[in-house]
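Can you read through this structure? Questions will come right after.
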């Protein structure tokens, strides 16, 4: 590949959710340099039109392309669902999404082949998980549920401060009595609500986040292209947010266990 | 990716074994154009030195690079085990091997996590399957067995003409009383001996070939790079062999069900 091995990997998300993918990358690919953009100023993407999500996603990708990335990870399910093909056709570097890895992980762990997908309105409407799962295993039954309240709960920090059990219960009520063994967190913000979601689901249900599977794909593609970083030293990620720095720094420190994270403001 | 979507995919093997991968590609990626090189003149690679296998593999890859391929599939376990990193560092296109996909497939289907790997002396010596499997699941027990007689049985066509049961029984004797549930055909020639191998293994053992998993990786990487072929028409593969045309044409017609396969001679 005519791309420098030591170039950074770009990660984009509508806000802080994609940090779940960064966390796995820091653990499994510590030698890779990461540049993250969270579009907190325009978050959430879930209720937005396809055209808006495509445009915002392309703006972030262009900013990272200008910074010389060797690979782009779209760590946002809504953006993956609507913008992946455009990005792949536009840029010379590989572009990885989070939906296919999540669908694969869920298919692997679901013995009864009955899977719930929780996601934003945009992701659920796209039916991207249904398509990805049926490509892996046609006989799997998928129950999609849009949870429009969840991203604002995370981005506002409300999930840490107030009792969100009533809103969790109400949102997840439609699937409470369904027969399923696996639930996909089809939005990278949802792992921050993991315990709250688990509490509302029948016991024995396995919760799957795509972060881990996505990072396996990142590693495999770096290998296939011969562009893994060959300088063995731990790199500190750089974070850009289009929103306010305060909450972003707090979540980054808390979630990624980084002291003094390098968080910068970005205007798109 | 700065590579034409309509460029061919190169597939290389020490002989005819890699046709098992071509067969899966023709089925799952019918719109992709395939150029295959089988190094039948210098087959088998299994007993050769690492330096020889690296040199022969690089010669095939260079020939395909000159033909303008967009991706290289090393459909030979021996070559994958010793030459993959060199190829990935040398060429701008993605280079995929067959070992990691095979290890992954076996790990997925083995409930007791006890796996036999059958391969050439070169592949078994490299311990490449042990490394790949332990990276996926550290607690899996791997029993490797070198089967140096198998490739000559296939390349000579002897497996179709004579009773090879005695040689199969003798080769597989060392694993006959081991406790395992899955066997990896760790050489792309071995699927042609599938029924003979099955006959010698305890009933209930699952036989895994890496061809199917490898083609899933091919598809995923084409997507990630945005280089899948966008002309929807079935392409007829082109086959080069460094050896004689007769036997190669016969196996290609028989194995791939292609009438009048386009087989050409190549001097390396």
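When each copy gets a label point 7 Å from Cα toward the beta-carbon at residue A:234, what are the spacings between them in nm, shortest first?
Once sorted, the set of distances for residue A:234 reads 5.6 nm.
Given a Förster distance of 25 angstrom, what is the FRET efficiency for residue A:254 paired with residue A:203, based on the Cβ-Cβ distance and rounded to 0.05? All intermediate terms of the calculation are to be shown ahead of the outcome.
Details: r = 28 Å, r/R0 = 1.12.
Step by step, r from the Cβ atoms, then E = 0.35.
Between rounded, prolate and oblate, where does region A:143-253 land on the alpha carbon gyration tensor, with a ≥ b ≥ c its root eigenvalues, rounded for a/c under 1.5, else prolate if a/b exceeds b/c?
Numbers: a/c = 2.96, a/b = 1.45, b/c = 2.05.
The shape class here is oblate.
Hey, how many Å between the Cα centroid of region B:160-176 and the Cα centroid of region B:101-140?
First find each Cα centre; the distance between them is then 22 Å.
Answer rounded, prolate or oblate for region B:41-115, using the Cα gyration tensor with square roots of eigenvalues a ≥ b ≥ c: rounded when a/c is under 1.5, else prolate when a/b is larger than b/c, else oblate. Numbers along the way, then the final one.
On the way: a/c = 2.74, a/b = 1.57, b/c = 1.74.
Because a/c hits 1.5 or more and a/b fails to exceed b/c, region B:41-115 counts as oblate.
If you don't mind, another one. Taking Cα pairs under 8 Å and at least six residues apart, what relative contact order does region B:41-146 come out at, in percent? Before the final figure, lay out each step's value.
Values: 128 pairs, mean separation 29.0, N = 106.
Relative CO of region B:41-146 lands at 27 percent.
Need one value for B:75-88: mean number of C-beta atoms belonging to other chains within 10 Å of its residues' C-beta atoms.
Working: counts 0, 0, 0, 0, 0, 0, 0, 0, 0, 3, 2, 1, 1, 8.
Mean partner shielding for this stretch: 1.
How far apart are the residue B:50 label points across copies, placing each 7 Å from Cα toward Cβ, in nm, shortest first?
So the label point of residue B:50 gives 5.2 nm to the other copies.
With springs only between Cα atoms under 10 Å, which of A:181, A:13, A:39 fluctuates most in a Gaussian network model of chain A?
Its mean-square fluctuation being the largest, the pick is A:181.
How much length, in nm to one decimal, is gained on full extension between residue A:177 and residue A:268, taken as 0.36 nm per residue of separation minus their Cα-Cα distance?
Working: separation 91, 0.36 × 91 = 32.76 nm, distance 4.38 nm.
Gain on extension, residue A:177 to residue A:268, equals 28.4 nm.
Relative to the first principal axis of the alpha-carbon coordinates of chain B, what is the inclination of helix B:19-28, with its axis defined by its Cα atoms, in degrees from 0 to 90 and to the nearest 10?
The helix B:19-28 is inclined about 60 degrees to chain B.
With runs of 4+ DSSP H residues as the only contributors, calculate the mean residue ellipticity of chain B at 222 nm using -39,500 (n - 2.57) per run, divided by the residue total and rounded to the nearest 500. Don't skip to the end; give the middle numbers.
On the way: 12 runs with 118 residues, N = 268.
For chain B, the value works out to -13000 deg cm²/dmol.
In degrees between 0 and 90, to the nearest 10, how far off the longest principal axis of chain B does helix B:50-66 point, with axes built from Cα atoms?
30
With r defined as the distance between the Cβ atoms of residue B:50 and residue B:135 and R0 fixed at 25 Å, what FRET efficiency is calculated, to the nearest 0.05?
Numbers: r = 21 Å, r/R0 = 0.85.
Efficiency, rounded to the nearest 0.05: 0.70.
Further, regarding this structure: Please state the relative contact order of region B:1-83 as a whole percent: Cα pairs under 8 Å, 6+ residues apart? Could the numbers behind the result be given before it?
Values: 110 pairs, mean separation 38.1, N = 83.
Once normalised by length, the contact order is 46 percent.
Specify whether the C-alpha gyration tensor of region A:89-209 places it in the rounded, prolate or oblate class, a ≥ b ≥ c being the square roots of the eigenvalues: rounded for a/c under 1.5, otherwise prolate if a/b is larger than b/c and oblate if not. Intermediate values should be presented prior to the final figure.
Values: a/c = 2.06, a/b = 1.21, b/c = 1.70.
Here region A:89-209 falls in the oblate category.
Place the label 7 angstrom along Cα→C-beta at residue A:264 and in each other copy, then list the distances from the first to the rest in nm, shortest first.
Inter-copy label distances (nm, one decimal, shortest first): 5.0.
On C-alpha positions alone, give me the angle between the axis of helix B:245-256 and the longest principal axis of chain B, in degrees, nearest 10.
That works out to roughly 80 degrees.
Relative contact order for chain B: what is it in percent, counting Cα pairs under 8 Å that are at least 6 residues apart?
For chain B, the relative contact order is 28 percent.
A short reminder: the numbers here are calculations on the coordinates, not readings from a lab. Here the structure is a predicted model, which is why all the values come from computation and not from measurement. Glycine also receives a Cβ, built like all others from the backbone with ideal geometry; neighbour counts cover every protein chain displayed.
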